[in-house]
1. To the nearest 20 debye, what charge dipole does segment B:47-122 have about its Cα centre, counting +1 at the Cβ of each Lys and Arg and -1 at the Cβ of each Asp and Glu?
2. How much length, in nm to one decimal, is gained on full extension between A:A30 and A:L4, taken as 0.36 nm per residue of separation minus their Cα-Cα distance?
3. Once the piece of chain linking A:L41 and A:V106 is laid out straight, how much longer is it, given 0.36 nm per residue of separation minus the C-alpha distance between them?
4. Given a 10 angstrom Cα cut-off, can you work out which residue in A:Q96, A:Q15, A:Q69 is the most mobile in a GNM of chain A?
5. With a cut-off of 17 Å, note down the residues of segment B:108-129 whose backbone N falls inside the zone around a label point 7 Å from the Cα of B:E82 toward its beta carbon.
6. What are the residues whose amide H is under 5 Å from the amide H of B:E115, where those residues sit 5 or more places off or on another chain and H is modelled from the backbone?
7. Mean-square fluctuation check for chain A, GNM, Cα pairs under 10 Å: which of A:L28, A:L85, A:L58 is largest?
8. Sort out for me the Cα centre separation of segment B:20-75 from segment A:55-108, rounded to whole Å.
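A short reminder: the numbers here are calculations on the coordinates, not readings from a lab. Because the structure is predicted, anything quoted here is derived from the model rather than measured. Cβ placement follows ideal geometry from the backbone for every residue including glycine, while neighbour counts extend to all protein chains displayed.
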Amino acid sequence: MSRLDDALREALRRQDPGPEFTARVLRLAATPPKESWWRALVSGFGPPRLRWATAAALACLLLVSGGLQYRYVAEGRRAKEQLVLALRIAGTKLNQARDRVRQINVGE
Amino acid sequence: MKYALLLLASIGPLLAQDVKLPASIEKLANKASEVVDVSLDGQMLRLAGRFLSNKDPDEARVRNVVNGLRGIYVRSFEFEKEGEYEPSSLEEIRSQLRGPGWSRLVGVISKKGGEHTEVYMKLDDDHIGGVVILSAEPKQLTVVDIMGTISLDDLSALGGHFGIPDVETGKEHKQPATKE
């Protein structure tokens with residue numbers, strides 16, 4: 001039992017870390033922690049409320065531009081179909097007129 | 001000098017007159033069983049042109065034609081019975097086509113089928129500045145108004161496609177295989 005006491009006393013005895021320990025600890029405490037690039041980017045937008053507002057505005061802008069693009073494509077396709085229809089009707093009537101003229105010429 | 005300028009100013013719009021579809025034609029939609037109504041102004045034609053593929057030869061030809069056009073307007077009415085419209089409905093349009101710049105290219109009357117087709121063109125130098133087609137059948141009335149510059153060569157290039165006939169420009173073209 002006395003040997004155990006002695007061993008414990010020895011292990012828990014205070015030891016001086018040396019002068020370098022204090023300097024090292026103070027140096028580490030003075031160094032600010034490294035910030036990740038994402039945190040650096042997001043923190044530039046200011047307080048959290050402003051960041052959320054900016055994100056919401058960007059999302060709205062994306063939705064609106066997407067909607068406008070969809071409408072543009074739909075209108076363009078419809079215009080193209082109407083154009084083809086119009087040319088087909090015009091062509092059909094011109095064909096009919098030309099056929100009639102040919103029939104008349106052949107009859108002569 | 002003042003009077004000369006005034007005279008020119010009054011004639012100018014007449015020379016550049018586009019055909020207006022009268023209200024009497026538009027009202028026929030109420031009686032017709034089927035209506036085709038196409039109204040494409042310059043802006044819509046340019047939009048349609050952007051969606052025409054350059055890879056498709058037919059669509060590429062159409063794109064060349066559309067580039068010079070200011071508008072295409074089609075009204076086609078199909079009726080269930082004969083006599084649903086007055087033949088004089090087209091007289092208001094014909095009166096506009098008797099104005100300066102317009103000439104009647106073709107007028108075909110078929111008494112057997114009761115069909116009357118007229119083709120009018122507006123000539124600007126060597127270009128066609130506009131085409132109007134009036135087609136009256138017993139149960140169908142069609143008005144086609146194509147406004148803008150179309151060259152005979154471009155129109156000829158459409159021959160045989162989309163049911164458009166070959167226009168004789170001194171060049172030989174193969175006739176379309178099917179009649180529409």
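1. Dipole magnitude for segment B:47-122 comes out near 520 debye.
2. Value of the extension gain: 5.2 nm.
3. 15.1 nm
4. In this elastic network of chain A, the residue with the biggest mean-square fluctuation among A:Q96, A:Q15, A:Q69 is A:Q15.
5. Hits in segment B:108-129 for B:E82 at 17 Å: B:109-117.
6. Close amide H contacts, sequence-distant or interchain: B:S110.
7. A:L28
8. So the separation of the two Cα centres works out to 6 Å.
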